[in-house]
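In what follows, a structure is listed as structure tokens, so that the remarks can point back to it.
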Amino acid sequence: MEIKQAARRYEGYDTERIYVRRKVRRKGEAAKINVYRSNTKPYDAMSKDWPRKSSNRDPQNSSVNVRQKGEAENITVYHRNVKPYRAISEDQTRKSSKRDPKNSSFSATKAQQQEDKICKYWKSGHCARGDKCRYLHSWWWGDGFTMLAKLEGHKKVVIVSEFWESGIWVFAEGIKLCMLSSISFFFFFYKLQAVRGIALPLGSEKLYSGSSDGALRTWDCHSGKCARLSNLGEVGSLITEGPWVFIGMKSVIKVWNIQTADELSLKGPVGEVYSMVVANDMLFAGAQNGVLFAWKGCSEVNSFQLVASMEAHSSAVLCLTVGDKKLYSGSADHSIRVWDVNTLQCIKTLNGHKNAVTSLLYCNGCLFSCSLDCSIKVWFAKGGENWEVIYTRKEEKGVLALCGMNDAETKPVLFCSCNDNTVRLYELPSFIERGRLFSKQEVRVIERGPFPLFFTGDASGLLTVWKWL
């Protein structure tokens, strides 16, 4: 633009070949541009045009000087400084010092956020910075706990999903699998081997883990090795109560008695069983179709009898918890329902979340709920069944699971798993963050074990054992 403006002021001269040199100026000075134009017209023609074109200007005040034959034309143009001044030498150092974390609260906050994140290159095993890396090279930060072991075994499986009429290559995670018939082919994809449940029966030396890869693994607590592998099918949930291990699967619940080796099958649910809980000598299970089932246990014959089937939600029941003689159910329909354990009647519906309710926890008279809407809500019943939200905490990502337990000093701690592959540890009731756990994939299960142990299972199939100090 500056060259064109200068060219328009001297329309009579040739503007085909232009060379520009910008000089460094001090703050406040006008920008000065020397424009050199090579002589592309015959000298005689230009000398004839010169008197006519310069007759309206004073040659003494003109910045265009008469040149000798063969010399380049030198035009000095002055214009206003319309662009922001940019420091080149001394001021550049002064401005760059403002970006120093020691001199900027914004940079300090950013540096703190970097220190709270795990290095993605270290996770994959090749961080070139080593100790100089500003990101964490650890699977956790915080005091009062440590990691004991990682149990690996659950694997990815290729699933046949749908039938299509076409003829193209089939890919899974960027890998070309096969070329099927030009008439028809199946669509393949890798399915995550997410750990769906962890159970350590009281007094047992065996740890159980169920995954979406269809395997139920039994781990030896002393050696950390898999002692038994049972291919049952995709596991949706897993809990234990006394000597019983309950395995929620598609349209059925498998029941194992680890003392007598008895095995039972409870039929009735439609679709996956995503959540189970035991209360008032009954087993409650939430199914994919939104129905809540209840079985009554009979200790004499080691059997369970279906006593109720309740239309609980309009979508899948994702979580269950009990407290104060009440059953609480959370669903993908964004709602929470409160049930009387004795009458099995719904006495209250809580609406507050804007997305699926993924986990529930009852603690000290309060109900904690989390959702994919990136929030944790604390509910309290005032005057009977008048439930109100007394606190809401917003997270950056969707919240997947909650778990509460006491640390080595008997202080209550809330575990909160988020969609960013982290588990945050909050002190209660202040909600001050005291630590964080990291994983390769999002943590779906957090389970409290015999003190001082607790467990986490993530979507990569990894089961991690932790210990309070």
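The values are calculated or read from the model by the stated rules, or taken from the named source; none is laboratory data. Note that the structure is predicted; figures quoted are calculated from it, not measured. A quick note on method: Cβ atoms are made from the backbone with ideal geometry, for glycine too, and the neighbour counts reach across all protein chains shown. Remember, those area values only see protein heavy atoms, side chains included, never the ligands or the DNA or RNA. Shrake-Rupley method; radii C 1.70, N 1.55, O 1.52, S 1.80 Å.
The table below lists the values:
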{"quantity": "Subset of region 428-452 [buried (at least 17 other Cβ atoms within 10 Å of the Cβ) and outside any loop (DSSP other than H, G, I, E, B)]", "calculated": "434, 435, 436, 437, 438, 443, 444, 445, 446, 447"}
{"quantity": "Scan of region 209-231 for residues that are closer than 15 Å to residue 465 by Cα, of a type in the set (A, V, I, L, M, F, W, C) and modelled with pLDDT of 90 or more, ordered by number", "calculated": "219, 226"}
{"quantity": "Options 410, 456: the member that is buried (at least 19 other Cβ atoms within 10 Å of the Cβ) and out of contact with any helix residue (DSSP H, G or I) (no Cβ under 9 Å at 6 or more places or on another chain)", "calculated": "456"}
{"quantity": "Of the criteria (1) in contact with a Lys or Arg (Cβ under 9 Å, 6 or more places away or on another chain); (2) farther than 26 Å from residue 276 by Cβ; (3) part of a loop (DSSP other than H, G, I, E, B), which one residue 397 fails", "calculated": "(1)"}
{"quantity": "Number of positions in region 353-384 that are modelled with pLDDT under 95, open to solvent by less than 60 Å² (accessible area, probe 1.4 Å) and in a loop (DSSP other than H, G, I, E, B)", "calculated": "2"}
{"quantity": "Within region 228-240, considering residues that are of a type in the set (Gly, Ala, Ser) and touching a Lys or Arg at 6+ places or on another chain (Cβ under 7 Å), the one most open to solvent (accessible area, probe 1.4 Å)", "calculated": "233"}
{"quantity": "Residue list for region 192-222, filter: aliphatic (A, V, I, L, M) and assigned to a loop (DSSP other than H, G, I, E, B)", "calculated": "192, 194, 200, 202"}
{"quantity": "Where a residue in region 374-389 is within 18 Å of residue 355 (Cβ to Cβ) and its partner, wherever it lies, is among the basic types (Lys, Arg) and surrounded by 14 or more Cβ atoms within 10 Å (Cβ to Cβ), with Cβ under 6 Å and at least six apart", "calculated": "376/393; 389/377"}
{"quantity": "Residues that are open to solvent by 100 Å² or more (accessible area, probe 1.4 Å) and at pLDDT 75 or above, drawn from region 106-126", "calculated": "117, 120, 121, 126"}
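Conditions (1) modelled with pLDDT under 50; (2) assigned to a strand (DSSP E or B); (3) open to solvent by 70 Å² or more (accessible area, probe 1.4 Å), marked per residue:
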{"position": "128", "(1), (2), (3)": "no, no, yes"}
{"position": "131", "(1), (2), (3)": "no, no, yes"}
{"position": "148", "(1), (2), (3)": "no, yes, yes"}
{"position": "155", "(1), (2), (3)": "no, no, yes"}
{"position": "162", "(1), (2), (3)": "yes, yes, yes"}
{"position": "170", "(1), (2), (3)": "yes, yes, no"}
{"position": "182", "(1), (2), (3)": "yes, no, yes"}
